[in-house]
Amino acid sequence: MSKTQQAIQQHGAKAVYQAATSHMAGDKANGLDRVGLTAKTMGDVFGIQTEAYKQMGPADQAIDNAQATAALEGIARRGRKPLPAESRKDARVELRVHPDTKAAWQTKADAAGLSLAAWIEATLNAAKR
């Protein structure tokens, strides 16, 4: 019988699984030492966790899956928050120009502290007034 199997028999599959999970998260105090196991690599920890999970009951597996799903849903999205519908710019305009024209526009946009698209839009809106 392997040391993992002995730990599962002595402490229960759920306790060994939780110890491996804590160990992976860097919490050594509540890690594998708590159930009398050691691991040289994270691969060893994963193997212990996998074996313990397989031996957990369906209810404990369902609870773990629900907790993992809730944790993933709680992770904030990266990037800026979406703009309100009235502020979004979804329409696109394709415009081909000579490279020197684009470079000149980019220089003017940089001088104005604007993106090229914002500078073009501002310039054209000012021209129609």
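Read-outs throughout are calculated quantities, based only on the coordinates presented, and are distinct from any laboratory measurement. Source: prediction; values computed, not measured. When we count neighbours, we look across all protein chains shown, and the Cβ atoms used for this are built from the backbone with ideal geometry, even at glycine.
Taking springs between alpha-carbon atoms closer than 10 angstrom, which of A71, A103, A25 fluctuates most in the Gaussian network model of the chain?
A103
Can you give the convex hull volume per residue for the Cα atoms of region 3-64, as a whole number of Å³? Mind showing how you got there, number by number?
Working: hull volume 4.3 nm³, N = 62.
Enclosed volume per residue, from the Cα hull, is 70 Å³.
So for the chain, considering every pair of alpha-carbon atoms, how many percent are separated by more than 24 Å? Write out the running numbers ahead of the final one.
Working: 4690 of 8256 pairs.
Value for the chain (Cα pairs over 24 Å): 57 percent.
Any idea how far apart A127 and T107 come out in nm if each label point goes 7 Å out from Cα toward Cβ?
1.8 nm
Within 10 Å of each residue's Cβ, count the other Cβ atoms and sort V97, V35 from fewest upward.
V97, V35
Anyone know which of E51, E94, E73 comes out most mobile in the 10 Å Cα GNM of the chain?
Checking each option, the largest mean-square fluctuation is seen for E94.
Suppose we take every Cα in region 63-102 and form the convex hull; what volume per residue is that in Å³?
Details: hull volume 6.6 nm³, N = 40.
Enclosed volume per residue, from the Cα hull, is 164 Å³.
Could you calculate the contour length gain from V93 to Q67, that is, 0.36 nm times the residue separation minus the distance between their Cα atoms, to one decimal place in nm? All intermediate terms of the calculation are to be shown ahead of the outcome.
Working: separation 26, 0.36 × 26 = 9.36 nm, distance 4.58 nm.
So the chain would gain 4.8 nm between V93 and Q67.
How much length would be gained if the chain were fully extended between K81 and D44, taking 0.36 nm per residue of separation minus their Cα-Cα distance, in nm to one decimal? Mind showing how you got there, number by number?
Details: separation 37, 0.36 × 37 = 13.32 nm, distance 3.99 nm.
9.3 nm is the gain from fully extending K81 to D44.
For the chain, set up a GNM with springs between Cα atoms under 10 Å and report which of A85, A117, A59 has the largest fluctuation.
A117
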